[in-house]
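The numbers here are math on the coordinates, done by the rules we state, and not lab data. This one's a predicted model, so the numbers in the text were calculated from it and none came from an experiment. Here the Cβ positions follow ideal geometry from the backbone for every residue, glycine too, while neighbour counts run over all protein chains shown.
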Amino acid sequence: MRKITKIYADCALYVNFARFRAVMIYHQQKILREELHSYTQKKQSVGFVPTMGALHEGHISLVQKALEENDAVVVSIFVNPTQFDNASDLEKYPRTLTADAELLKKLERTIYIYAPNTEDLYGSQVISKKYNFGGLEHAMEGKYRSGHFDGVGTVLNLLFRAIEPTRAYFGEKDFQQLQVVKRLVTIEKLPVDIIGCPILREDHGLAMSSRNKRLTKTQFKEADHIYKTLKKVQSLFTEQSIPKLQSLVEKSFDEDPHLELEYFEIASTKTLKTAQRKRKGNEYRAFIAAYAGEIRLIDNMELPKI
Ligand code: PAF
């Protein structure tokens, strides 16, 4: 029996059959794969946007790009337990499937949502595979969130094998994740192009994130300090040393009662290794992780060439 839980449709069948648009939610990969077979059989492309839901404009921009570049688009919505090292963070992660489908419906295109339960994706054993991402996994997020990238790699490997996309789209807000995913597809020999897309920001500069939904009004307002700090570092980068920038950032967070800095790092764009001093010809990025109350926010910014 075919089981699609919900179809959010916008039909103009009486005008033109080709105008039928729907957002369909699949909970079983078997059924979704049957649906996608009609595209792959004709050698049509499938674009994929993996998400944990609580969709925002940042996700929508990825979906729009996927719609522009592919014949079919799949958005997965799955809060992946193996990438959380904090039980309360996992429990409190927003789950808003109906609102997510409604948001995607506004794009007025056909979109396949894959919203599995844990068993449909993982089977009976919800465990991470151990990966060696060539050191990328030990820096920053890897240092502070134990096992995080094994969890991300495991779930994406499962999702890529289930959906078999031509292209997959990731935001640069999770810049380290993007580099890890590029390495993952090489390790797993997956024939998918990984496309990085620019960070979308709120009007005051805060990077869009599903976690922003959990911020209080004040926290949301004050969290622009992360963006402003990165901008400042960007503007001072050519003239100030890295240790000087480091202490400037630490001091500014010490003085901010709303945010607690977890890390600030300037790292090589290519290796993500922490840089202590600038080397000509190398490219660098600045990275911040900070807490607003119990909500963890991350952001990063490209730095000028030296
Ligand atoms: O970036 C995310 O939302 C998640 O890490 C991802 C890529 C969907 C894997 O669970």
VAL75's amide H: which non-local residues (gap 5+, or another chain) put their own amide H closer than 5 Å, with H modeled 1.01 Å from N in plane and none for Pro or chain starts? VAL49, TYR112, ILE113, TYR114
Loop only per DSSP, at most 12 neighbouring Cβ atoms within 10 Å: give me the trypsin sites (Lys or Arg not before Pro) in the stretch 199-306, ordered by residue number. LYS270, ARG277, ARG279, LYS280, LYS305
Which cross-chain or sequence-distant (5 or more) residues have an amide H under 5 Å from the amide H of MET208, H modelled 1.01 Å from N in plane? LEU200, ARG201, GLU202
Whole-Hz ³J(HN,Hα) from phi, Karplus 6.51 cos²θ - 1.76 cosθ + 1.60, for the stretch 182-188, glycine and proline x: 4, 5, 4, 5, 6, 4, 8
Residue by residue through the stretch 80-88, which ³J(HN,Hα) values in whole Hz follow from phi under the Karplus form 6.51 cos²θ - 1.76 cosθ + 1.60 (θ = phi - 60°), with glycine and proline marked x? 7, x, 6, 9, 9, 9, 10, 4, 6
Using unit Cβ charges (K, R positive; D, E negative) and no other charged atoms, how large, in debye to the nearest 20, is the dipole of the stretch 123-178 about its Cα centre? 100
Here the relative contact order (percent) of the chain, from C-alpha pairs under 8 Å and at least 6 apart, is 16
Helix-only mean residue ellipticity at 222 nm, the chain, DSSP H runs n ≥ 4 weighted -39,500 (n - 2.57), per residue, nearest 500. What is it? -11000 deg cm²/dmol
Here the longest stretch of the chain that holds no GluC sites (Glu not before Pro) in a DSSP loop having at most 14 other beta carbon atoms within 10 Å is 109-238
Over the chain - Rg/Rh using Cα atoms and the Kirkwood inverse-distance radius: 0.99
Of ILE306, TYR284, VAL249, which is farthest towards the positive pole of the stretch 236-306's charge dipole, taken about the Cα centre with +1 and -1 on the beta-carbons of Lys, Arg and Asp, Glu respectively? ILE306
Amide H of GLU262 versus every other amide H placed in the peptide plane: which residues, excluding those fewer than 5 positions away on the same chain, fall under 5 Å? ALA289, ALA290, TYR291
In whole angstrom, the spacing between the Cα centers of the stretch 264-289 and the stretch 85-130 equals 32
What is the dipole size for the stretch 254-306, taken about its Cα centre, with +1 at each Lys and Arg Cβ and -1 at each Asp and Glu Cβ, in debye to the nearest 20? 760
Ordered by residue, what ³J(HN,Hα) values in Hz, to whole numbers, does the stretch 245-259 give under the Karplus form 6.51 cos²θ - 1.76 cosθ + 1.60, where θ = phi - 60° and Gly and Pro are x? 5, 4, 6, 4, 5, 4, 4, 5, 6, 4, 7, 9, x, 9, 10
